[in-house]
Structure formats: structure tokens, C-alpha cells
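Please read the structure below before turning to the comments.
What follows draws every value from the coordinates through simple rules; no lab data is involved. On a predicted model such as this, the values are computed, not experimentally measured, just so you know. Positions of Cβ are backbone-derived with ideal geometry, glycine not excepted, and every protein chain shown enters the neighbour counts.
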Amino acid sequence: MPGDVRLRTLTGFLFWLKFGILVESAKSITSMTTSRTLSTSEFARALGLSESSVRRLTDAGDLGVHRTRGGHRRIPVSEAIRYVRATNANLVEPDLLGMGRVLDQVKSGKPVEDMVRILEEGHATAVIGLMQWLIASGMSIAELCDGPIALALRHIGERWPHDKRAIFIEHRATILCGRALNQLRLSIGSPDDEAPKAIGGAMTGDMYFLPTLMASLVLHDARFNETNLGPNTPLDVLADAVVDEQPKLLWLSISEPLRSNSQRAELIKLAKVAEQNRTFFVVGGRHTDELASITKGNDSQSNLIICKSMVELREVAIRIANSLAIEK
Ligand code: B12
């Protein structure tokens, strides 16, 4: 039952060590732009395959290609990364995926520190490149969100209120992360039409757009057909969407304190609408504690799942998808 899906907090960021080493090993790489495409021979060398195998993959539709005017196959970097992730392929020569110039910017080999620095510098290509590199190296979208991105932003947030450039830097860093996350969407396969639906956002007055964007990407990665209504979404719009669209999962990010009793009442109403429509209601964000306290002891909200992180959301989503598959 939904209540059983509630997860304990996941501990540890041990994987930073692993990814620190991976990034370290990539520091010498030499060239890239995110819109770059690869030739079949570059892709073949990057993965240690023969060119004829790559041609077979493209002919079978397992690897997406663009054709040049002259009819040559070109593989977008995002598609190359998607393929590497989907097949767990070994990157024999990762440099050839073309992340070099970007990773030249990454000096410390520590993803969080590197992310802080390139975000503070406003280095757009490096932000996308570092995220693509981490994903190609095996980090999940959820781990990337909870780790390098959220931790770097937390660090950047500490500049306020001492530094007068803080708000400029926060805004720019947020935009750069959003842009890069949208780019990463291209590197994760799309769910099929039969996939369960998920809808979510952040409520009126909550203008933080990254947490709800992250949740949508994590759900996309967990093969949900997700619709992100974004920040500042009235709760009654979410309630209507639950009734009209019948999603299996509704998410809400709460990054601002609840503002009024009427907002609290609307939130409880939304949880009830979700319950009546057999929709799991997954809530997370810096200010979820208050929701937990107002719904405490209320049996009717057994569909409510409170998560602390994107990694937890991913686990919950996979459990829900599995339980739905068994029900079918
Ligand atoms: C970027 C930012 C801004 C931007 C927002 C841009 C935008 N449109 O999104 C701007 C500049 C506008 C801004 C403004 C303000 N901000 Co501000 N901001 C931040 C900053 C640096 C990053 C926020 C962010 O997006 N983080 C990334 C998200 C993804 O991380 P997260 O919220 O921790 O979410 C994680 C989990 O909670 C969870 N999660 C979140 N949602 C969900 C949902 C689900 C379903 C699940 C499962 C999990 C989940 O997973 C996430 C990833 O691990 C934070 C610093 C920080 N500590 O986060 C400060 C911070 C939040 N801001 C703060 C403040 C004080 C303000 C201002 C009041 C002051 C100011 N700077 O002018 C204003 C006004 C805000 C308002 N109410 O109007 C404080 C809040 C302090 C508090 N007590 O709450 C912080 C903590 C900075 C600080 N150190 O003081 N801010």
C-alpha cells in the first residue's frame, strides 16, 4: 500500500569519491560544444567498437543519427550519452565524446567544487559539459540533482546577504542549471505511451523552479510520462489536473513556508483529491516539515509520501511503477 512506500532517508554521498576520480581522469580531455555531433568513427573509438557495428546500430534504430547533406551519419552528443547510459557501455576513450574543452575548466576533479566554481563564473558550456560527463560516467540524474547541483547552489546561497552580487549570481546559476537540465533530458530515453502519468509543480508564491524541474526529470528517467506545471502553480489547478488527467503520481515541491491557513486547507484538500483518485502524492522540498505536521494522524492521507531527496523520489517512483505493472 502507498504508506508502505514511505522511505527512510538515504545516507551518505560515498559516490562523490567515485565520481571525483572519474572527473579527475577526464581533466586532460580537449574539445567540445554541447550541440556537437560525432562521426561514426569517433563514436566507435569512444566505445571501442568497430565502425561496422556502429553502422549496424544506427541501421537497427538503436542509435539515433542525423544525416549530413552528403548522407554521412552524425551522432548528437546527447544521443551518444543516452546510448552509453542505456546499454551500460564502457567508455574506452571518453575524450572522443567531445567534452574536453569543457572539462579543461574543471580543475579540482571534485564535482561539487567544480560545479560551484563554474556556476559562480557563469560558465554555461562548462556547466552542461560537467553534467553530461557525470551522467555519461554512470551517475543518475537523481544523484546529480541531490549532489553537485543542490550542494553547489547551497554553497552559492551562503553568499547572501554578505555579498551584493549574491542575487545576480544566484539567478544566473539557477538559469544555467535549468538550461543544462533541459539539455540532459535529451540524453535520457523517452517513456512509451503506456507509461504511467505524473503531474506536479510548486504552489502559488513558491517561485523556485529548479526543484520541480528536477523532480520531473527524475520521473522522466524513471519512465513516467511527466508534466511539470512549474513554480507558482495554484493548488486548485493541480487538483483539477489530478481529476482530469488521472496521473498515478502527483508531486509537489515546497521550498517556501506555507503562507496562510487557507493555503494549508488547500493543501489538505489536494491530498484528499489525490487519495480519491488513487494518485500517489509525493511531496518534498525544504519546507515539507509543516505539511508532515498538519497531515499527521490523518488516516485519509495514506497516499501521501514525503521524500527528502531526488534519490528517494526515484526509488518511490520505481516502486510505484513496479506495483502498477503487477496490478495490470
Ligand atoms: C537560487 C536561489 C534563489 C533564487 C531563486 C530563483 C528561482 N526562480 O528559482 C532567487 C535569487 C530568486 C532567490 C530569492 C530569495 N532567496 Co533564495 N536561494 C536560492 C538558492 C541559492 C538555491 C535554491 C535552489 O533552487 N536550490 C536547488 C534545489 C533543488 O535544492 P533544494 O531546494 O535543497 O531541494 C532539494 C531537496 O529539498 C529535495 N526536493 C526539493 N523539492 C522536492 C520535491 C520533491 C517531490 C522531492 C521528492 C524532493 C524535493 O530535492 C532537492 C535536491 O536535493 C538557495 C540556497 C539553498 N540552500 O538552497 C537560497 C535560499 C533558499 N534563499 C533564501 C532567501 C533568504 C531568499 C530571499 C528571501 C532573499 C534574497 N536572496 O533576496 C529571496 C526571496 C525569495 C522569495 N520568497 O521571494 C534562503 C532561505 C532561508 C530560509 N530560512 O528558508 C536560502 C536557503 C539562502 C540562504 N543560505 O540563506 N533565491
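For the structure I just gave you, tell me whether residue 266 is in contact (Cβ under 8 Å) with a residue 12 or more places away in the chain, within 21 Å of residue 181 (Cβ to Cβ) and part of a helix (DSSP H, G or I). No; evaluated as a whole, the condition is false for this residue. With respect to being away from the ligand (no atom under 14 Å from the Cβ), of a type in the set (Lys, Arg) and more than 22 Å from residue 240 (Cβ to Cβ), residue 328 fits the description.
The residues of region 133-151 include none that are more than 10 Å from the ligand (Cβ to nearest atom) and under 16 Å from residue 286 (Cα atoms).
Cβ separations smaller than 8 Å between residues 6+ apart or across chains give the following pairs from region 246-262 residues that are within 13 Å of residue 235 (Cα to Cα) and hydrophobic (A, V, I, L, M, F, W, C) to residues that are part of a helix (DSSP H, G or I) and within 7 Å of the ligand (Cβ to nearest atom): 251/212; 251/215; 251/313.
State whether the residues of region 152-167 include one that is within 30 Å of residue 189 (Cβ to Cβ) and more than 8 Å from the ligand (Cβ to nearest atom). Yes - at least one qualifying residue is present in region 152-167.
Of all residues in region 179-234, those that are part of a loop (DSSP other than H, G, I, E, B), within 14 Å of the ligand (Cβ to nearest atom) and either free of Cβ contacts under 8 Å to residues at least 12 places away in the same chain or among the acidic types (Asp, Glu) (or both) total 1. For region 187-210, the set of residues classified as more than 22 Å from residue 278 (Cβ to Cβ) and not hydrophobic (A, V, I, L, M, F, W, C) consists of 187, 189, 190, 204, 205, 206, 208, listed by residue number. Can you find a residue that is closer than 17 Å to residue 206 by Cβ and touching a residue at least 40 places away in the same chain (Cβ under 8 Å) anywhere in region 285-304? Yes - at least one qualifying residue is present in region 285-304.
Against the list (1) under 15 Å from residue 204 (Cα atoms); (2) out of contact with any Leu (no Cβ under 7 Å at 6 or more places or on another chain), the condition residue 322 fails is (1). Could you say whether any residue in region 266-287 is hydroxyl-bearing (Ser, Thr, Tyr), within 12 Å of the ligand (Cβ to nearest atom) and out of contact with any Cys (no Cβ under 7 Å at 6 or more places or on another chain)? No; the residues of region 266-287 include none that is hydroxyl-bearing (Ser, Thr, Tyr), within 12 Å of the ligand (Cβ to nearest atom) and out of contact with any Cys (no Cβ under 7 Å at 6 or more places or on another chain).
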